[in-house]
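A short write-up of the structure that comes next.
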Amino acid sequence: MTDMTPFAITPMQGEAIRVTIVQGEAKASTDPRVEMSTILGSCVATCLFDPVARVGGMNHFLLAEPPAHMRTAAFDSDYGLFLMELLINEMLGLGARKSRMRARLYGGANLNPDLSPIGTANAAFARQFLDREGIPKVFEDLEGTQARRIQFRPASGQVRARLVPADTAPTQKPLGRPQSALGTVELF
C-alpha cells in the first residue's frame with residue numbers, strides 16, 4: 001500500500017530544510033519549509049499532525065516496549081513507548097492539542113523470515129498506543145516484507161511513502177545489546 005497524499009504537487013515556499021529522523025529520534029516542527037524523512041525496515045515511524053495549529057512531527061522506533069523488568073528504569077530512545085510520548089510532548093510544546101492530533105503509521109516490515117517478527121510487534125504496539133491515547137489513525141502502511149522511505153512535511157501533514165526495492169533494503173540483523181548492559185544503573 002502506498003500513501004498517495006498530494007505531496008508532490010504542493011510547492012514548498014522557500015528553500016527546503018531537510019531533516020533526517022534516525023532510529024531513536026522524535027522531532028516536531030511548525031516550519032512549512034521542513035521536510036522530515038526516514039527509511040524503515042522493522043522499525044515504525046509515526047507521523048502526527050494537528051491541522052489547526054499546523055504542527056506535525058515524526059518519530060522512528062526500533063522496539064515497542066522495554067521488557068517488564070526494565071519498565072521502571074530510565075526510558076530508552078530505542079523504544080516506541082518513550083518516543084511516542086516524546087513526540088506528543090514536543091508537539092504540545094509547539095501549540096498542538098492532543099485532541100486534534102491525527103496519526104499516520106509506517107514501517108513494521110518483517111524483512112527476514114528467519115528472524116522473529118519484530119516488525120509485527122512494533123506495528124501492533126503503535127496501533128494500541130494510539131487507541132489507548134485516543135489519537136485517531138487516519139492511515140497506515142504497516143507490516144509486509146519491504147522497507148519503506150517516508151517523507152513528511154510536518155506543517156502541512158503531507159506524506160510521501162514509497163516501498164524500497166528488496167535489493168537495496170537493509171537486511172542485516174539489528175545489533176542487540178549485551179545482557180550485561182541492560183538495566184543496570186548505580187546511583188552515587
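Numbers below:
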| quantity | calculated |
| --- | --- |
| Test: F129 is without any contact (Cβ under 8 Å) to a residue 40 or more places away in the chain and among the aromatic types (F, W, Y) | no |
| Verdict on L130 being buried (at least 20 other Cβ atoms within 10 Å of the Cβ) and not hydroxyl-bearing (S, T, Y) | yes |
| Top-ranked residue in the stretch 4-44 [being of a type in the set (S, T, N, Q) and surrounded by fewer than 21 Cβ atoms within 10 Å (Cβ to Cβ); ranked as modelled with the lowest pLDDT] | T5 |
| Only listed residue being surrounded by 16 or more Cβ atoms within 10 Å (Cβ to Cβ), at pLDDT 95 or above and either in a helix (DSSP H, G or I) or among the polar types (S, T, N, Q) (or both), chosen from A124, A109 | A124 |
| Any hit, the stretch 50-73, residues being at pLDDT 95 or above, more than 21 Å from L130 (Cα to Cα) and not in a loop (DSSP other than H, G, I, E, B) | no |
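The values are calculated or read from the model by the stated rules, or taken from the named source; none is laboratory data. Here the structure is a predicted model, which means the values were calculated and not measured. Positions of Cβ are backbone-derived with ideal geometry, glycine not excepted, and every protein chain shown enters the neighbour counts.
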